[in-house]
Amino acid sequence: MGYPLKKTSLNLLVMKMSDATAVRQAQLGRFTDRLEGLSARLQAPSPVETGQLVHLSGMRLEVAGLRSPIGSRCQIWGKVPVEAEVIGFHGDRLVMMCEGSAEGLRPGAIVEPLEGSDRIPVGPGLLGRVIDGAGRPLDGFSPPSGEITVPLQGAPLNPMDRGALEKPLDVGIRAINSLLTVARGQRVGLFAGSGVGKSTLLGMMTRFTEADVVVVGLVGERGREVREFVEDSLGPQGLKKAVVVATPADTSPLMRVAGCWRATAIAEYFRAQGLNVLLLVDSLTRFAQAQREIGLAAGEPPVSRGYTPSVFSLMPNLIERAGNLGSGSITAFYTVLTEGDDLQDPIADSARAILDGHVVLSRTMADSGLFPAIDIEASISRAMLQITDGSQQAHARQVRDVHATYQANRDLIAMGAYRAGTDPKIDLAIRHHKAVHDLIEQPLDQPANFDSSLTRLAQVSEAMEQDNGPAATQMPLQQKPVETMPAPLAPATR
């Protein structure tokens, strides 16, 4: 009888021990799960490299303790965080320039590098927006959304990947369509002094040019012109397919330079989508002047009228990013401000050598009331012979020759020193000067499509060819008849 009782007690003890083991195992499992969850949340400490602001003079900042590369951006902690860009180094110190105002910075301020500062967000959400050189909105709306990021300063295009200039582009300007035909994917400069009508002509081309997307870079211009350009030149309909990057004259040199790069990078994104993009930069001269300030702050020596070597190396990098690539294209127009109307200005001369053509605006023609004041004698499109037929080229040569003849003898004609019938070419130029004037002149709100421009050119040229008769008997209004001295009186006789 005692043995069954002992066996039952032993079984109960085993069962209790099994239950206790199961409980401990369950507790251990819960502890392990909790430990694994905490381990997943823990991250290895990542040390952040920082430096200190040790010198500030004008726009030049020097930072010790950092090893950031040229072109990278950093944040300086002061009363208000300030972003700066590395523009050079001197010994073991980095040379930086502030993106905005340096007010509030103090000696020893902490400087931290910013990750991903060399890439910008792009996407269809940029259409219809007005942003600054840093991508911040200027139109009062929320920051634009970017689906992907692209390098701010993209890699140069392979020359063998570039598409040829084959198709004419209708820019809506009669003088350019007929006498200076532009190709899709061409890079053209608008050269003029101040107050001659560069921005106005650019606004007309913005409204009238056939393009899928328009990217406008307003760099270093007057602040009031930004709103005028958006509301008057683009309008609500034009803004729907446009992106405006505005960095007025009161922004820092870094912002003005970044505005050009950002506008070009946005245009490259839309070109990669197979779209035809119109890129307008006003102005290339302000870009060069801003880069000159950066170069001088970095310690570069001036080489030509105060411009530093980096100016002449960055201009080709910027301009060469436009053109045809794959099924998309970037047709670019850059305004170039000629100081004192001097076309031999270093920036104008360098840009003219890089671009595929230039349109020169004449102050004399603008002062006479002609708009657009395009000097067809000094302007040229290097792609015109490739994209036009022989008939248009012959008509354009005829009109340009007559215009050049009149301009060469303008002073003689105005003073009345030229006698009608002396030179048949000058007589022809006098008779058809008004027709050439009307061909160039165009109202601000009236586009001239490509076909109507060619028709008008052919009419003017054919009228010149048919006018082979003798010189007109009527003299110009400015010309006075030659006065003859009366014959001397005979001596009196007694």
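The values are calculated or read from the model by the stated rules, or taken from the named source; none is laboratory data. Keep in mind the model is a prediction, meaning the values are calculated, not measured. When we count neighbours, we look across all protein chains shown, and the Cβ atoms used for this are built from the backbone with ideal geometry, even at glycine. Ligands, DNA and RNA are excluded from the accessible area calculation, which covers all protein heavy atoms including side chains. Shrake-Rupley method; radii C 1.70, N 1.55, O 1.52, S 1.80 Å.
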Legend entry - Every residue from the range 244-262 that is under 22 Å from A155 (Cα atoms) and either aliphatic (A, V, I, L, M) or open to solvent by 20 Å² or more (accessible area, probe 1.4 Å) (or both): V245, L254, M255, R256, V257, A258, R262
Legend entry - Residue match in the range 111-133 (condition: more than 30 Å from the chain's Cα centre (by Cα), assigned to a loop (DSSP other than H, G, I, E, B) and either surrounded by fewer than 19 Cβ atoms within 10 Å (Cβ to Cβ) or at pLDDT 90 or above (or both)): no
Legend entry - Matching residues, the range 301-360, being open to solvent by 10 Å² or more (accessible area, probe 1.4 Å), in a strand (DSSP E or B) and farther than 20 Å from G195 by Cα: S304, N324, L325
Inset, instruction - Enumerate the pairs (first residue in the range 221-233 and open to solvent by 80 Å² or more (accessible area, probe 1.4 Å); second residue anywhere and part of a loop (DSSP other than H, G, I, E, B) and small (G, A, S)) with beta-carbon separation below 7 Å, excluding pairs fewer than 6 apart on the same chain, so at least 6 apart or on different chains. - result: R222/A249
Inset, instruction - Output yes when any residue across the range 167-182 is assigned to a helix (DSSP H, G or I), open to solvent by less than 50 Å² (accessible area, probe 1.4 Å) and at pLDDT below 90, and no when none is. - result: no
Inset, instruction - Look at L157 and say whether it is at pLDDT 90 or above and open to solvent by less than 90 Å² (accessible area, probe 1.4 Å). - result: no
Inset, instruction - Could you grab me the full set of residues in the range 376-426 that are open to solvent by 60 Å² or more (accessible area, probe 1.4 Å), of a type in the set (D, E) and in a loop (DSSP other than H, G, I, E, B)? - result: E377, D389
Legend entry - Residue list for the range 434-451, restricted to those being open to solvent by 50 Å² or more (accessible area, probe 1.4 Å) and either modelled with pLDDT under 90 or assigned to a helix (DSSP H, G or I) (or both): K434, H437, L444, D445, D451
Inset, instruction - Output the number of residues of the range 191-211 satisfying the condition of being of a type in the set (A, V, I, L, M, F, W, C), crowded, with 22+ Cβ neighbours inside 10 Å and in contact with a Gly (Cβ under 9 Å, 6 or more places away or on another chain). - result: 2
